[in-house]
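Following: one structure in structure tokens, then a few remarks.
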Amino acid sequence: MSPTARVDVRKTYKLYVGGQFPRSESGHSYVVDDARGKFVANAALASRKDARDAVQAARAAFGGWSGKTAYNRSQILYRVAEVMEDRRPQFVEALRQSEGLTPTQAGKALDTSIDRLVWYAGWADKITQVTGNANPVAGPFFNISTPEPTGVVAVVAPQQSSLLGLISVVAPVVVTGNTAIVLASPERPLPAVTFSEVLATSDMPGGVVNILTGKLSNTAPTLAAHMDVNGLDLTGYAGDAEQSRLLEEAAADNLKRVLRAPDTEPDWSLDPGLERMTTFLETKTVWHPIGV
Amino acid sequence: MAAKKTSTAFEYAPAPESRAIVDIKPSYGLFVNGEFVDGHGKSFKTISPSTEEVLAEIAEADEADVDNAVKAARRAYTRVWGRMPGSERAKYLFRIARIIQERGRELAVLESIDNGKPIKETRDVDIPIVAAHFFYYAGWADKLEYSGYGSTPLGVAGQVIPWNFPLLMLAWKIAPALACGNTVVLKPAETTPLTALLFAEICQQADLPPGVVNIITGAGATGQALVGHPDVDKVAFTGSTAVGKAIAKAVAGSHKKVTLELGGKAANIVFDDAPLDQAVEGIVNGIFFNQGHVCCAGSRLLVQESVADDVLARLKRRMATLRVGDPLDKNTDIGAINSAEQLAKIRELSDIGEAEGAGRWSPPCELPKHGFWFPPTVFTNVTQAHRIAREEIFGPVLSVLTFRTPAEAVEKANNTPYGLSAGVWTDKGSRILHMANKLRAGVVWANTFNKFDPTSPFGGYKESGYGREGGRHGLAAYLKGGVEQ
């Protein structure tokens, strides 16, 4: 190497909690290699305390986020897609590193990820019309059922698909007004960290999406048992029936809404359907008498 | 000169509904595969809570009995019910609805005897809504592809229901399950099995194919065996939050789909501009309907400070007119507490309320000598920290708290792990809609309370459970394309 060549400035990969980028409060980090086993970075190793802090941030953000108009949430998600598009080279690089994709494959995965985000952005002001309805009760009453977000949702992101899979589990949770704590794929966390940098610069209020990197065994049990978490998506435990059973049991202590782990990681290129949104929605029914 | 006092008080003559219409057998078996069979287990007694008279001996289903019932349901599902066109399933459900209407008075009297609730309520609320529920879901059976949840049934549903609305809860469980093409094994509550067993007879009269509906009686162990049975595809439970959590743990890691309709501690919020006499009627209906044995009961009255004294005075005046006594008397407002066990729980929590410093008041009323009774009771000066403000009492006991601003009302109303229902009383439309948005509860009654309808989804947020029963949403619980929400 020539002594005059420029030395690149490398990034510190941190957590994303409450709109800030802290290191783990534990001071711990872990080695992340690329798909070929070459060292890439020391990512933050989130602790149980980091998970609890993330819950606090998500809870604090819930009122504001769920209280925004659906139109506004829709625009913010669309803005996230815009900023992703703007950072294509960075995501392509992250995908090549983490998933070992060719530039063409990485570009395609990125296209689908951005398009998925745009698809979900459009749902913000339509899901109420598709899942709610008026009820013709047998009496002089106005009666209507509408969906509302469940609250704070812990999401275990897929292990393999580090960007498309990540977007496909995060977008449906937050587009309806929930706030999320996302556990990134431990082996492939870097696209998630890059995604958090997009979130931080795209009008998404801090605390709506919180992203933790590290070992699932540190954070998932804490979130599954946390009494201020209302929902749990176990998609990242695909194929691990024993762990997902234990986490579902822990989630029963405050009756979290649970999306169970599938037997294998889903094919993220398929039509997503509504299940990932509706699992974390509550139906509210309001009655009022009709009279003069 | 003092005016001569003339008494204008009317006395009520007893107006008992005749028991002659019901024929209670000395003992009942289990209803499996279209027939009544003996159980392998012991038997238990069901009593009338208003007199403590033993009504009948009931078979207690053991694990083998549960297994037989599930097998019968599976057979009926694969061979008959799951394959039958929706239009044909519909006609069976319409038949059942009609027979319930035809035998409505009999069901009302039997329900009142076995449960202790007033005949006025079983006759005018429970049974008509039961029939309406079957009517409503009958019409869905051949229209499922328009529901948004597809039309593929789940298979065998294991259903466990409580004692507070025995036949109504049965209808909420069985009608949508059957309409969607599932078969069921249902366990009624230990203290109120009789109307479910009469319903089994109605299934026979309707010529419902054997095994489509199976009724197994028993206590907690029977319910556990049913919920845990590996060949059950769907679990539907209404009851306590503690049991609901145990069920959620028991099904963890399985592919069973679950609906849980659990406890509540609803806030009934009265603003100073509310029509106060109507609000008082709503408060009374909210907490004293069905002896307060209602998961969505308005058990916490949140009243705006400026009208608190006025509301309380009117409430006490109204409570003094409530008639407590013989459930079969047509003038009775409040019947018997369902069991000695429940009465003990209500007494315990009420005593704790007093010990923790809340003011206890009941109107003077004479309670019958036999049976289980508790007078309508109100606690004043209750704070958020009091156990009677936090725990579900499931009896005719109201806790009164006050608030100053709408934000404080929202904060207090939502400060509970439950989220089943809430009430709002105000004349201001924009405030109603604001409160309805802010309250974290599955049902919000504005300027009304405790209204139920087959077309209207019912179910909770948070620890009040998940899934909805009733309405289009209620179909989601029994179809493959439906997600509980």
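With respect to B:ALA422, is the statement that it is surrounded by 24 or more Cβ atoms within 10 Å (Cβ to Cβ) and more than 11 Å from chain A (Cβ to nearest Cβ) true?
So B:ALA422 does not fit the description; no.
Of everything in segment A:13-24, what is assigned to a strand (DSSP E or B) and surrounded by fewer than 17 Cβ atoms within 10 Å (Cβ to Cβ)? Give them in sequence order.
A:GLN20
Sort through A:VAL170, A:VAL118 and tell me the only one that's under 16 Å from the mean Cα position of the chain (by Cα), in a helix (DSSP H, G or I) and either within 14 Å of chain B (Cβ to nearest Cβ) or surrounded by 22 or more Cβ atoms within 10 Å (Cβ to Cβ) (or both).
None of the other options fit; the residue is A:VAL170.
Select from segment A:235-261 the residues that are part of a loop (DSSP other than H, G, I, E, B) and not basic (Lys, Arg) and write down the one among them that is surrounded by the fewest Cβ atoms within 10 Å (Cβ to Cβ).
A:GLY239
Would you be able to tell me the number of residues in segment B:49-69 that are surrounded by 20 or more Cβ atoms within 10 Å (Cβ to Cβ), among the β-branched types (Val, Ile, Thr) and in a strand (DSSP E or B)?
1
So which residues in segment B:400-427 are closer than 17 Å to B:PHE449 by Cα and either free of Cβ contacts under 8 Å to residues at least 60 places away in the same chain or out of contact with any Leu (no Cβ under 7 Å at 6 or more places or on another chain) (or both), if there are any at all?
Within segment B:400-427, B:GLY419, B:LEU420, B:SER421, B:GLY423, B:VAL424, B:TRP425, B:THR426, B:ASP427 qualify.
When the residues of segment A:249-271 are filtered to those that are free of Cβ contacts under 8 Å to residues at least 24 places away in the same chain and of a type in the set (Asp, Glu), which remaining residue is nearest to the other protein chains (Cβ to nearest Cβ)?
Here the answer is A:GLU249.
With respect to A:ARG245, is the statement that it is at the interface with chain B (Cβ under 9 Å from one of its Cβ atoms) and touching a Leu at 6+ places or on another chain (Cβ under 8 Å) true?
Against the criterion (at the interface with chain B (Cβ under 9 Å from one of its Cβ atoms) and touching a Leu at 6+ places or on another chain (Cβ under 8 Å)), A:ARG245 does not qualify.
If you go through segment A:272-292, how many residues are more than 7 Å from chain B (Cβ to nearest Cβ) and in contact with a helix residue (DSSP H, G or I) (Cβ under 8 Å, 6 or more places away or on another chain)?
5
With the structure loaded, tell me whether A:ASP125 is under 30 Å from A:ALA35 (Cβ atoms) and surrounded by fewer than 24 Cβ atoms within 10 Å (Cβ to Cβ) or whether it fails that test.
The answer is no for A:ASP125.
In segment A:235-254, is there at least one residue being among the charged types (D, E, K, R), within 30 Å of B:THR416 (Cβ to Cβ) and under 15 Å from the mean Cα position of the chain (by Cα)?
no
Looking at segment B:422-441 only, could you name the residues that are of a type in the set (Lys, Arg) and farther than 15 Å from B:LYS412 by Cβ?
B:LYS428, B:ARG431
Count, please, the residues in segment A:25-53 that happen to be of a type in the set (Gly, Ala, Ser), exposed (fewer than 15 other Cβ atoms within 10 Å of the Cβ) and either more than 17 Å from A:SER162 (Cβ to Cβ) or modelled with pLDDT under 95 (or both).
Qualifying residue count for the region: 1.
Given the conditions (1) basic (Lys, Arg); (2) away from chain B (no Cβ under 13 Å); (3) within 29 Å of A:TYR78 (Cα to Cα), report the number of the one that A:LYS215 does not fulfil.
Condition (3) is where A:LYS215 drops out.
Can you name every residue in segment B:29-59 that is among the hydroxyl-bearing types (Ser, Thr, Tyr) and either assigned by TED's automatic domain parsing to the domain that holds B:GLU341 or touching a His at 6+ places or on another chain (Cβ under 6 Å) (or both)?
Residue satisfying the conditions is B:THR51 alone.
What number of residues within segment B:464-480 are more than 8 Å from every other protein chain (Cβ to nearest Cβ) and charged (D, E, K, R)?
Counting residues in segment B:464-480 that are more than 8 Å from every other protein chain (Cβ to nearest Cβ) and charged (D, E, K, R) gives 2.
Could you tell me which numbered condition B:LEU168 fails, if it satisfies all but one of (1) among the hydrophobic types (A, V, I, L, M, F, W, C); (2) within 14 Å of chain A (Cβ to nearest Cβ); (3) out of contact with any Leu (no Cβ under 9 Å at 6 or more places or on another chain)?
Tallying (1) among the hydrophobic types (A, V, I, L, M, F, W, C); (2) within 14 Å of chain A (Cβ to nearest Cβ); (3) out of contact with any Leu (no Cβ under 9 Å at 6 or more places or on another chain), B:LEU168 fails exactly one: (2).
Just a yes or no: is a residue in segment B:475-483 part of a helix (DSSP H, G or I) and among the β-branched types (Val, Ile, Thr)?
no
Consider A:ARG96 carefully, then state whether it is over 16 Å from the mean Cα position of the chain (by Cα), surrounded by fewer than 16 Cβ atoms within 10 Å (Cβ to Cβ) and away from every other protein chain (no Cβ under 14 Å).
Here the answer is no, as A:ARG96 does not meet what is asked.
Checking A:PHE142 against (1) within 14 Å of another protein chain (Cβ to nearest Cβ); (2) outside any helix (DSSP H, G or I); (3) of a type in the set (A, V, I, L, M, F, W, C); (4) out of contact with any strand residue (DSSP E or B) (no Cβ under 8 Å at 6 or more places or on another chain), only one condition comes out false. Which one?
(4)
Determine whether B:ARG83 is in the same structural domain as B:TRP140 (by TED's automatic domain parsing) and either farther than 22 Å from B:LEU208 by Cβ or free of Cβ contacts under 8 Å to residues at least 24 places away in the same chain (or both).
yes
I'd like the full set of residues that are touching a helix residue (DSSP H, G or I) at 6+ places or on another chain (Cβ under 7 Å) and either more than 7 Å from chain A (Cβ to nearest Cβ) or in a loop (DSSP other than H, G, I, E, B) (or both), limited to segment B:448-463.
B:THR448, B:PHE449, B:ASN450, B:PHE452, B:PRO454, B:THR455, B:PRO457
Within segment B:146-171, take every residue that is of a type in the set (S, T, N, Q) and within 28 Å of B:ALA221 (Cβ to Cβ) and give me the one that is surrounded by the most Cβ atoms within 10 Å (Cβ to Cβ).
Within segment B:146-171, the match that is surrounded by the most Cβ atoms within 10 Å (Cβ to Cβ) is B:GLN159.
Table: residues versus (1) part of a loop (DSSP other than H, G, I, E, B); (2) out of contact with any Pro (no Cβ under 9 Å at 6 or more places or on another chain); (3) at pLDDT 95 or above; (4) farther than 30 Å from B:PHE372 by Cα.
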| residue | (1), (2), (3), (4) |
| --- | --- |
| B:ARG123 | no, yes, yes, no |
| B:ILE129 | no, no, yes, no |
| B:TYR136 | no, no, yes, yes |
| B:ALA171 | no, no, yes, no |
| B:ILE202 | no, yes, yes, yes |
| B:PRO210 | yes, yes, yes, yes |
| B:THR217 | yes, no, yes, no |
| B:ALA221 | no, yes, yes, no |
| B:GLN224 | no, yes, yes, no |
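Taking the residues in segment A:248-271 that are touching a helix residue (DSSP H, G or I) at 6+ places or on another chain (Cβ under 8 Å) and of a type in the set (Lys, Arg) as candidates, determine which candidate is nearest to A:GLY107 (Cα to Cα).
If we take residues in segment A:248-271 being touching a helix residue (DSSP H, G or I) at 6+ places or on another chain (Cβ under 8 Å) and of a type in the set (Lys, Arg), then A:ARG260 is nearest to A:GLY107 (Cα to Cα).
The values are calculated or read from the model by the stated rules, or taken from the named source; none is laboratory data. Remember, predicted model here, so these are calculated numbers, not experimental data. Backbone-built Cβ (ideal geometry, glycine too); neighbour counts: all protein chains shown.
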